[in-house]
1. Identify all residues within region 164-181 that are in contact (Cβ under 8 Å) with a residue 60 or more places away in the chain and exposed (fewer than 13 other Cβ atoms within 10 Å of the Cβ); write none if there are none.
2. Given region 45-152, what strands (runs of 3 or more DSSP E) lie entirely inside it while holding 3 or more residues that are within 16 Å of ligand 1 (Cβ to nearest atom)?
3. For region 340-361, check the following and say yes or no: at least one residue is under 38 Å from the mean Cα position of the chain (by Cα) and among the polar types (S, T, N, Q).
4. Can you give me the number of residues within region 182-220 that are surrounded by 12 or more Cβ atoms within 10 Å (Cβ to Cβ), assigned to a helix (DSSP H, G or I) and touching a residue at least 12 places away in the same chain (Cβ under 8 Å)?
5. Hey, among the residues in region 228-258 that are in contact with a helix residue (DSSP H, G or I) (Cβ under 9 Å, 6 or more places away or on another chain) and modelled with pLDDT under 95, which one's surrounded by the most Cβ atoms within 10 Å (Cβ to Cβ)?
6. Answer with yes or no whether GLN186 is more than 17 Å from PRO254 (Cβ to Cβ), touching a helix residue (DSSP H, G or I) at 6+ places or on another chain (Cβ under 8 Å), at pLDDT 90 or above and not β-branched (Val, Ile, Thr).
7. Would you be able to tell me the number of residues in region 1-44 that are among the small types (Gly, Ala, Ser), closer than 20 Å to TYR107 by Cα and not in a helix (DSSP H, G or I)?
Amino acid sequence: MEKLTAVKGMNDILPPDSARWEWLEEQVRALMARYGYRNLRTPIVEPTALFVRGLGEVTDIVEKEMYCFEDRLNGEQLTLRPENTAGVVRAVIEHNLLYEGGKRLYYMGPMFRHERPQRGRYRQFHQIGAEALGYGGAEVDAELILLAADLWKVLGLKNVRLELNSLGQPDERNAHRAALIAYFEQHGDQLDEDAKRRLHSNPLRILDTKNPAMQALVTGAPQLLDFLGEASLAHFNTVQALLSANGVAFTINPRLVRGMDYYNLTVFEFITEELGAQGTICGGGRYDYLIEQMGGKPAPAVGWALGVERVLELLKQGGAALPDLAPDAYAVLPDTAALTRAVPLLQALRAHGLRVLMHAGGGSMKSQFKKADGSGARFALVFGESELAAGQVAVKPLRGDRDAAATQLSWPLDDAAGLARRLREETPLQSAA
Ligand code: ATP
Ligand code: MG
């Protein structure tokens, strides 16, 4: 039969790699709790209109990256979520979560974009995001950036730099937009197809181009920062002051505009040079008008999302050491007759918090010991006939000094608590029970 494979650009996450995923998720949960962010889980499928309205029609995502389909039963237009901010906003409005003030939320999960798969760019990928809704102050922008910077610290990631910009408010953007259109019109011959198409619909997006041939043109374009009024500048300055006061370095990149239409004021990206072209590991900003645009009571908001695959790739290249998932003990079972007496001891050891791997599938003692060794376990528990007859299990160290046969010992089957304590100690076999 023809072999079935995963969809192109969508990956299985296998052990032992999955351990790194779990570890990252645990670090994130702990960190979010320290900042008072609570978990929100929204559906992976949403009405297509949610993203069209939320992200803006003239964006890469909505124009060409969404997985859209029609519900076969009722004809509803649905989309696999390409990002989660729109979903979070929908949920916040739908459940009236802002009725008593702001909410700090985070999410983790798969997103879907129909892009050309390459290193750091997949069709199903994963994001972790943090959103603070109902807060307009620059201190919350700073809090979110500090939270992300803290995460890099916890993960042991170095060589991540922060770029900041301010997109100002709609009126400031409009003035800039007019200047931008005039500028690009003057240089019409240098525009690529995408840029020509967007010149009048969304000229700011042209600044976000990835076309190397357009870089010089884009560098010379009028800068939004020069169009900011006093209030926008004050907001931006407060963010910068708070970052500096907390030792978070940044550079201002006037060309940083981000891929979605919904941003205003602060936008930022964390970038590394160690992942090649896909160097942005986290991006975000303020989106004070999105909630209203989606039909909610007007409320400001700010957030970011990080790409899990890219962060993990960076982690692989040198981050914090991962916890050891090897079992504490491996049960060697020469005879199935041993099972009824062996398994209860294994259960009791697990109840004491030990990691215990049971040999399955029979085989000789020799082959079982080979498996035990390969598992990385520190000890083998051998349920041999003579030990069982004596009401005991043999405990054999698998690591360290293997010649010290004297360190092997027998332990009473009914003393799981004592055995658990011994197995936990670094040199547990000095004295037998
Ligand atoms: P890029 O410019 O790389 O396409 P983006 O601006 O589209 O990124 P966002 O929508 O801001 O990305 O998503 C936040 C983060 O999610 C990105 O910084 C990146 O780390 C990650 N990300 C985005 N798209 C993908 C993808 N197709 N595969 C893997 N990670 C992705
Ligand atoms: Mg993109």
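1. Restricting attention to region 164-181, the residues satisfying the condition of being in contact (Cβ under 8 Å) with a residue 60 or more places away in the chain are 164-170, 172-173.
If the condition is that a residue be in contact (Cβ under 8 Å) with a residue 60 or more places away in the chain and exposed (fewer than 13 other Cβ atoms within 10 Å of the Cβ), then PRO170 is the only one that fits.
2. Details: elements: 45-47, 67-70, 77-80, 103-112, 124-133.
Hits in region 45-152: 103-112, 124-133.
3. Yes, region 340-361 has at least one match.
4. Qualifying residue count, region 182-220: 14.
5. VAL257
6. Details: more than 17 Å from PRO254 (Cβ to Cβ): yes; touching a helix residue (DSSP H, G or I) at 6+ places or on another chain (Cβ under 8 Å): no; at pLDDT 90 or above: yes; not β-branched (Val, Ile, Thr): yes.
Spelling it out, it is not the case that GLN186 is more than 17 Å from PRO254 (Cβ to Cβ), touching a helix residue (DSSP H, G or I) at 6+ places or on another chain (Cβ under 8 Å), at pLDDT 90 or above and not β-branched (Val, Ile, Thr).
7. Just the residues of region 1-44 that are among the small types (Gly, Ala, Ser), to begin with: 6, 9, 18-19, 30, 33, 36.
After this cut, where a residue has to be closer than 20 Å to TYR107 by Cα as well, the list is 18-19, 30, 33, 36.
Then keep just the ones that are not in a helix (DSSP H, G or I); that gives 36.
Residues meeting the conditions: 1.
To keep it simple, each residue is scored yes or no on (1) surrounded by fewer than 21 Cβ atoms within 10 Å (Cβ to Cβ); (2) within 16 Å of ligand 2 (Cβ to nearest atom); (3) in contact (Cβ under 8 Å) with a residue 12 or more places away in the chain.
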{"residue": "PRO82", "(1), (2), (3)": "no, yes, yes"}
{"residue": "HIS95", "(1), (2), (3)": "yes, no, no"}
{"residue": "LEU98", "(1), (2), (3)": "yes, no, yes"}
{"residue": "ARG119", "(1), (2), (3)": "yes, yes, yes"}
{"residue": "LEU133", "(1), (2), (3)": "no, no, yes"}
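The values are calculated or read from the model by the stated rules, or taken from the named source; none is laboratory data. Remember, it's a predicted structure, so these values are computed and weren't measured experimentally. Glycine also receives a Cβ, built like all others from the backbone with ideal geometry; neighbour counts cover every protein chain displayed.
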